[in-house]
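One structure below.
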Amino acid sequence: MRTVVITGGVGGARFIRGLQSHLGEGPIAGGAEQITAIVNVADDMWMNGLRITPDLDSIMYALAGANDEERGWGRRGETERVSAELVAYGLGHSWFTLGDLDLGTHIARTDLLRQGIPLSDVVARLCARWGLGARLLPATDSEVETHVHTTDGEVLHFQEWWVRYRATRPAERFEYRGSDVATPAPGVAQAIREADRVILAPSNPVVSVGAVLAIDGIAQALRETSARVVGISPIIGGRAVRGMADACLATIGVAAEAGSVGLHYGARLAGGLIDAWLIDTVDASALPELQRAGIAASAVPLWMTDLELSCQLAADALRA
Ligand code: GDP
Ligand code: CA
């Protein structure tokens, strides 16, 4: 079976690990089960001359088992000696940490990109080292970067708004800069069209999944695939589980409620993007409205606090 997951970073990574555990270790090696992750790139940026791709790295490190579980991002056993040197030269950023091991990845990536290799091939090269049991595809090979237009008239790169200001500066709108000329990376539209099932991970609906869907052709492929498209709510009990997704939803005028996010994606049979939507049991009161809208909604536990729970959620998603 070919399973495609459309995803951002950490929320999606937890889900994909659960999916792998549910389908059996090393699905790609086994051949029968294939997982393709289509990953957001709009958090990417240039920093100190290096191309940083946070969501791709979150997934790569998590599937490799090399991630820092406690901190929730980056590499386990990380040090920050290089970063401290950059700060000493006045070139560092106090609000964005570049770990030493992580910098190794960024240097390797930037080296390959500068040789003219497209991002999707670079990602394949970097992932080959780890043997992830899943194929990672950037949504696009083009540079698409989310910018935030604040209500006080400033335009910030998404990372600055998110990491430096913790999404506290009211945003008027998000701009997926570059998405108007971007095309899906090789294999992306085909993976969606030929999938047996497609899952929208419990990732940020605006700046992760939304930024993937902003690339011309991807939403269309979702509407056209014969696969069932199942989404999982990143909102539980009216709150983003981790992170500040509620601030992003407010900006696009969607309530931070599991039901509202499902309705925002919309039923495929009414021109939307999903066939089924999983909400947490605490949000079960939203089921009738979702079902009336033509979405096969069900309420199951959505917390992925350990691998067993992520695995159970993956099983529920495949059943949906
Ligand atoms: P990022 O790119 O690293 O911010 O990660 P994603 O966009 O993939 O995921 C962020 C979203 O994951 C947040 O909006 C959270 O609400 C959601 N999330 C994180 N942990 C969980 C969880 O255990 N369960 C569910 N349902 N959602 C989660
Ligand atoms: Ca992200």
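For segment 215-271, what are the residues that are of a type in the set (Lys, Arg) and within 16 Å of ligand 2 (Cβ to nearest atom)?
Correct list: 242 only.
The residues in segment 169-214 that are in contact with a Phe, Trp or Tyr (Cβ under 9 Å, 6 or more places away or on another chain) and either within 11 Å of ligand 1 (Cβ to nearest atom) or of a type in the set (Ser, Thr, Tyr) (or both) can be counted, and the count is 10. Scan segment 102-123 for residues that are in contact (Cβ under 8 Å) with a residue 12 or more places away in the chain and either surrounded by fewer than 16 Cβ atoms within 10 Å (Cβ to Cβ) or farther than 22 Å from residue 71 by Cβ (or both) and the total you get is 10.
Results for (1) more than 14 Å from ligand 2 (Cβ to nearest atom); (2) in a helix (DSSP H, G or I), shown as yes or no for each residue.
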site: 6; (1), (2): no, no
site: 13; (1), (2): no, yes
site: 18; (1), (2): yes, yes
site: 38; (1), (2): no, no
site: 41; (1), (2): no, no
site: 63; (1), (2): yes, yes
site: 79; (1), (2): yes, no
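For segment 115-171, which residues satisfy the criterion of being hydrophobic (A, V, I, L, M, F, W, C) and in a strand (DSSP E or B)? Break it down stepwise before answering.
Just the residues of segment 115-171 that are hydrophobic (A, V, I, L, M, F, W, C), to begin with: 117, 119, 122-124, 126-128, 130, 132, 134, 136-137, 139, 144, 148, 155-156, 158, 161-163, 167, 171.
136, 137, 148, 155, 156, 171 - these are the residues of segment 115-171 that are hydrophobic (A, V, I, L, M, F, W, C) and in a strand (DSSP E or B).
Evaluation of residue 3 against the conditions (1) among the polar types (S, T, N, Q); (2) free of Cβ contacts under 8 Å to residues at least 24 places away in the same chain; (3) buried (at least 22 other Cβ atoms within 10 Å of the Cβ) shows that the sole unmet condition is (2). When segment 40-95 is filtered for residues that are among the hydroxyl-bearing types (Ser, Thr, Tyr), more than 16 Å from ligand 1 (Cβ to nearest atom) and open to solvent by less than 30 Å² (accessible area, probe 1.4 Å), only 83 remains.
Applying a threshold of 9 Å to beta carbon distances and a minimum spacing of six or more residues, or different chains, the list of pairs starting in segment 198-210 at a residue that is under 23 Å from residue 180 (Cβ atoms) and ending at one that is outside any loop (DSSP other than H, G, I, E, B) and acidic (Asp, Glu) reads 203/55; 208/55. Every listed requirement among (1) open to solvent by 50 Å² or more (accessible area, probe 1.4 Å); (2) touching a Ser or Thr at 6+ places or on another chain (Cβ under 9 Å); (3) over 19 Å from residue 315 (Cβ atoms) is met by residue 98 save one, (1). Residues considered: 223, 242. Of these, the only one that is in a loop (DSSP other than H, G, I, E, B), touching a residue at least 40 places away in the same chain (Cβ under 8 Å) and open to solvent by 20 Å² or more (accessible area, probe 1.4 Å) is 242. Out of 177, 193, 164, one residue alone is open to solvent by 10 Å² or more (accessible area, probe 1.4 Å) and touching a strand residue (DSSP E or B) at 6+ places or on another chain (Cβ under 7 Å). It is 177.
When segment 143-171 is filtered for residues that are over 13 Å from residue 40 (Cβ atoms) and polar (S, T, N, Q), the ones remaining, listed by number, are 150, 151, 168.
Does residue 215 satisfy the condition of being under 25 Å from residue 290 (Cβ atoms) and either touching a strand residue (DSSP E or B) at 6+ places or on another chain (Cβ under 8 Å) or open to solvent by less than 10 Å² (accessible area, probe 1.4 Å) (or both)? No; evaluated as a whole, the condition is false for this residue. Among the residues of segment 299-320, those identified as touching a Gly at 6+ places or on another chain (Cβ under 7 Å) and surrounded by fewer than 20 Cβ atoms within 10 Å (Cβ to Cβ) are 307, 311. Which residues, counting only those in segment 282-307, are without any contact (Cβ under 8 Å) to a residue 40 or more places away in the chain and either in a helix (DSSP H, G or I) or within 16 Å of ligand 2 (Cβ to nearest atom) (or both)? Passing the criteria: 284, 285, 286, 287, 288, 289, 290, 291, 292.
Counting just the residues of segment 124-155 that are open to solvent by 40 Å² or more (accessible area, probe 1.4 Å) and of a type in the set (D, E, K, R), which one comes out farthest from residue 39 (Cα to Cα)? Ranking the qualifying residues of segment 124-155, first place goes to 152. Residues that are modelled with pLDDT under 95 and of a type in the set (D, E, K, R): does segment 238-245 have at least one? So far as segment 238-245 goes, yes, one or more of its residues are modelled with pLDDT under 95 and of a type in the set (D, E, K, R). Of the residues 284, 317, 227, 276, the single one that is under 17 Å from residue 11 (Cα atoms) and at pLDDT 95 or above is 317.
The values are calculated or read from the model by the stated rules, or taken from the named source; none is laboratory data. Keep in mind it's a predicted model, so treat the numbers as computed, not measured. Heads up, the Cβs are rebuilt from the backbone with ideal geometry, glycines too, and the neighbour counts pull from every protein chain shown. Heads up: the accessible areas ignore ligands, DNA and RNA and are worked out on the full protein's heavy atoms, side chains in. Shrake-Rupley method; radii C 1.70, N 1.55, O 1.52, S 1.80 Å.
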